[in-house]
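Undergrad: Would you mind keeping the following structure in view while I ask a few things?
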Amino acid sequence: MCGIAGFLGARASEAAKAAALASIAHRGPDDEGVYQDGSVCLLHRRLSILDVTDRGHQPMVDPDTGVAIVFNGEIYNFRELKAKHGDAGYRTGSDTEVVLRLYIERGLDCVEELRGMFAIAIWDPRNQKLHLIRDRFGIKPVYWHMGSNGIAFGSEIKALLALGVKARLDYETVYDYLAHGLLAHSPRTFFQGVEALPPGSILTCSIGSAPTRRIYWSPTDHVASSPQTNQGQDSEAALWGMFREVLDMHMVSDVPVGLTLSSGLDSTFLLHVLAANGQKEMDAFTYGFADAAYDEIRRIDLQSLPLSIRHHTLTLQPEDTIGALERAVSIFETPIGGVGTLGLYRVLELAPQRGIKVVLAGEGSDEAFGGYRYYGFSRLRDLYERGDPRLSAESAAFSKVQGQSIIPGTAEFEKHVLQSDAAVWAPDGTLLAGEAFLGPALANCRPEDSWQRAQDWFPPIPAGVSHFRSALLRDLYVQKIPKLLWFQDRVSMAWGVESRVPFLDHKLFEFIGSLDDDWLIRDGVSKFALKRLYERYCHLDHSETRKHFVSTPQREWIRGPLAEQIKALVRDGELVRAGLIDLRRFERQYDEYCASTDLGNSFFIWKVLNLELLLRTFFATADTAKLHVEHLN
């Protein structure tokens, strides 16, 4: 796990290269390297996980062909690939050398054999081409900018800024976030002209030619319109065996591996799989709150877990929130998801202090197995449109399990089920939209254009695929996974820690995609298959059928101890100066929220707070003051 950066085109100064390396030093505190060949430069900061000796130094150059590589990530099957293609002549024990050798032997088709998470830059002097490659789900990031003098790229946007890319605010991205709660839903970023390479893509660049991009893997190709009919114990056994294989691969490391632990199903399930594979003990990290109603630390019963846990915890306080958020935004380069994301960012600071460089995380479980409430809406819509006789029983079961009456023929059924594709939903089923306080600088970003931009990045859904699977695919590619993986990368790499997400193994996803929808949502129970494995192989009665959300006191803090501080920040802030929000309407809406007896959804305030800190961090006041005028011109 590392940080990469570089450029193809006009040379950057030594000072600029040094600044780019310094900007991503937190991603790789163990080593750094520079490769320069005329107008191409590859930069690398190393976090030593595999072959921690100097032999794993990057950039790595093949002595025969001159092909050079910088690599961020892990190839979990690198040893198997060595054995498959012949392991003679290797000089290191690293996965980087395996990727380099495979590219030389097979070209870009080698990516099809890689199982893991990766952002790779390969310079091939034989044809003067630079290739940028991102893993199938986009677990590891790579951003790029095409300018008049060439292309710059990096694991973080700060590296591009150090190499000379100007920080200019992207107004359409601002609008999509403020109006619809959309974040990382397209390749665009808050930095105009800086894009994220989409998951499963390869970008090929050469001097004098426009970059070309091809997709080598898409989740839409692995969701069957006519899935398997065998949904019995054979499928359960196959899925359990696959989980054991995936967790075994994700434990490949030459340094200790830990885990982020909550009281929910996902991280506990990972521990049971690890125990079945022979793991005896593990370091685990949990954040919590003084308020017992929200405290995950108190909910975890260490004695009931299948491993011996060395538990490292951090309790968050409201008075620390704004300062921690300011520091986090500078690392994230984007608004963050909520106080929960901030908690994970802060608790992982403990990992390197405890000698842990790698952690496992449960991201992707809900999107792969159907864990969110609104997936149930889509499932009921499928039954309704097919005239399926199970609709009545499934609606009743869903209403009972979720505590929300969703009965065919009612207004609630019309709103949540038959219009389930018409908005961006929070995991708990509430809306993330809201634009009542938007300012005049966003007048040209019409709501219909904004929503259409989001629709444009929805993956093409194969014919015959259910509304339920379509919702999963939208979340995987647009509405959930891109931002969750962005957050997961930054909360860990901020401290020089590698985060691995076993639920997003592509072979596991392809297997799940072949199963019938009933295997994921049944009798009103979400993640049905995972809960069956929990009962059968972990020997636990998982009687809690409703999804447990790791909740936080964010709403109480925003309407209580943080309220005046937030108002003061916004009142004297960049958003108001740039005309991005209407201060009077925002404060009125904020006051109404604080006066309400219903906690409601505080996300509209969190959005403004995060965006304000983002502008203060990356867009100088002098530039921000001009933004409104420049945009309207």
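The values are calculated or read from the model by the stated rules, or taken from the named source; none is laboratory data. Values in this document were obtained by computation on a predicted structure and should not be read as measured data. Glycine also receives a Cβ, built like all others from the backbone with ideal geometry; neighbour counts cover every protein chain displayed.
Undergrad: Are there any pairs, at least 6 apart or on different chains, whose C-beta atoms fall under 9 Å, with the first in the stretch 198-211 and not assigned by TED's automatic domain parsing to the domain that holds Val142 and the second modelled with pLDDT of 95 or more and not charged (D, E, K, R), and if so, which?
TA: If the second residue must be modelled with pLDDT of 95 or more and not charged (D, E, K, R), no pairs are left.
Undergrad: Being of a type in the set (Phe, Trp, Tyr), modelled with pLDDT of 95 or more, surrounded by fewer than 22 Cβ atoms within 10 Å (Cβ to Cβ) and outside any helix (DSSP H, G or I): is that true of Tyr90 here? Quick ask: steps written out before the conclusion?
TA: Details: of a type in the set (Phe, Trp, Tyr): yes; modelled with pLDDT of 95 or more: no; surrounded by fewer than 22 Cβ atoms within 10 Å (Cβ to Cβ): yes; outside any helix (DSSP H, G or I): yes.
For Tyr90, the condition - of a type in the set (Phe, Trp, Tyr), modelled with pLDDT of 95 or more, surrounded by fewer than 22 Cβ atoms within 10 Å (Cβ to Cβ) and outside any helix (DSSP H, G or I) - is not met.
Undergrad: Counting only residues that are among the charged types (D, E, K, R) and either within 16 Å of His467 (Cα to Cα) or not assigned by TED's automatic domain parsing to the domain that holds His467 (or both), how many does the stretch 391-408 have? Walk me through how you get there before you give the answer.
TA: Just the residues of the stretch 391-408 that are among the charged types (D, E, K, R), to begin with: 394, 400.
Then keep just the ones that are either within 16 Å of His467 (Cα to Cα) or not assigned by TED's automatic domain parsing to the domain that holds His467 (or both); that gives 394.
The total comes to 1.
Undergrad: Filter the stretch 507-538 for residues that are buried (at least 19 other Cβ atoms within 10 Å of the Cβ) and among the small types (Gly, Ala, Ser); which is farthest from the chain's Cα centre (by Cα)?
TA: Gly524
Undergrad: Specify the residue that is farthest from Ile521 (Cα to Cα); the eligible residues are those in the stretch 375-400 that are in contact (Cβ under 8 Å) with a residue 24 or more places away in the chain and of a type in the set (Ser, Thr, Tyr).
TA: It comes out as Tyr384.
Undergrad: A follow-up question, please. From Gly343, Gly323, Gly337, Gly288, grab the single residue that is more than 29 Å from Leu50 (Cβ to Cβ) and in a strand (DSSP E or B).
TA: On inspection, the qualifying residue turns out to be Gly288.
Undergrad: Right, next: Which numbered condition trips up Leu47, out of (1) out of contact with any His (no Cβ under 7 Å at 6 or more places or on another chain); (2) over 27 Å from Phe503 (Cβ atoms); (3) touching a residue at least 40 places away in the same chain (Cβ under 8 Å)?
TA: It fails just one condition, (2).
Undergrad: Does any residue in the stretch 508-531 that is farther than 14 Å from Ser365 by Cα come within less than 6 Å, Cβ to Cβ, of a residue that is assigned to a loop (DSSP other than H, G, I, E, B) and at pLDDT 90 or above six or more places away or on a different chain, and which pairs are these?
TA: Note: pairs meeting the criteria are Asp517/Ser466.
Undergrad: So if I check each of Leu627, Leu632, Leu575, Leu599, which one is more than 30 Å from Phe509 (Cα to Cα) and modelled with pLDDT of 95 or more?
TA: Numbers: Leu627 fails: modelled with pLDDT of 95 or more; Leu632 fails: modelled with pLDDT of 95 or more; Leu599 fails: modelled with pLDDT of 95 or more.
On inspection, the qualifying residue turns out to be Leu575.
Undergrad: Can I ask one more? Please work out which one of (1) modelled with pLDDT of 95 or more; (2) over 30 Å from Phe603 (Cα atoms); (3) not in a helix (DSSP H, G or I) is the condition Ala167 fails and give its number.
TA: Of everything listed in (1) modelled with pLDDT of 95 or more; (2) over 30 Å from Phe603 (Cα atoms); (3) not in a helix (DSSP H, G or I), Ala167 misses just condition (2).
Undergrad: Of all residues in the stretch 2-15, which are within 23 Å of Arg327 (Cα to Cα) and either modelled with pLDDT of 95 or more or among the aromatic types (Phe, Trp, Tyr) (or both)? Spell out how you get there, then give the answer.
TA: Just the residues of the stretch 2-15 that are within 23 Å of Arg327 (Cα to Cα), to begin with: 2-5.
Passing the criteria: Gly3, Ile4, Ala5.
Undergrad: Right, something else. For the stretch 135-156, indicate whether the set of residues that are of a type in the set (A, V, I, L, M, F, W, C), within 28 Å of Glu245 (Cα to Cα) and free of Cβ contacts under 8 Å to residues at least 24 places away in the same chain is non-empty.
TA: The answer is no; no qualifying residue exists.
Undergrad: Would you be able to say whether some residue in the stretch 362-384 is at pLDDT 90 or above, surrounded by fewer than 17 Cβ atoms within 10 Å (Cβ to Cβ) and of a type outside the set (Ser, Thr, Tyr)?
TA: So far as the stretch 362-384 goes, no, none of its residues is at pLDDT 90 or above, surrounded by fewer than 17 Cβ atoms within 10 Å (Cβ to Cβ) and of a type outside the set (Ser, Thr, Tyr).
Undergrad: Quick one: what pairs do we get from the stretch 584-613, first residue within 14 Å of Leu569 (Cα to Cα), second surrounded by fewer than 21 Cβ atoms within 10 Å (Cβ to Cβ) and hydroxyl-bearing (Ser, Thr, Tyr), C-beta under 8 Å, 6+ apart or different chains?
TA: Ile605/Tyr593
Undergrad: If I filter the stretch 246-285 down to residues being among the acidic types (Asp, Glu) and not in a strand (DSSP E or B), which single residue comes out as nearest to the chain's Cα centre (by Cα)?
TA: Taking the stretch 246-285 first, the residues among the acidic types (Asp, Glu) are 248, 254, 266, 281, 283.
Next cut, not in a strand (DSSP E or B) only: 248, 254, 266.
Numbers: Asp248: 22, Asp254: 25, Asp266: 16 Å.
Here the answer is Asp266.
Undergrad: Working only within the stretch 109-160, note down all residues that are in a loop (DSSP other than H, G, I, E, B), more than 28 Å from Glu80 (Cα to Cα) and of a type in the set (Ser, Thr, Tyr).
TA: Ser148
Undergrad: Let me ask something additional. Return yes when Ala433 is at pLDDT below 85, exposed (fewer than 14 other Cβ atoms within 10 Å of the Cβ), in a loop (DSSP other than H, G, I, E, B) and within 27 Å of the chain's Cα centre (by Cα) and no when it is not. Can you show your working first?
TA: Numbers: at pLDDT below 85: yes; exposed (fewer than 14 other Cβ atoms within 10 Å of the Cβ): no; in a loop (DSSP other than H, G, I, E, B): yes; within 27 Å of the chain's Cα centre (by Cα): yes.
Judged against the criteria, Ala433 is not a match.
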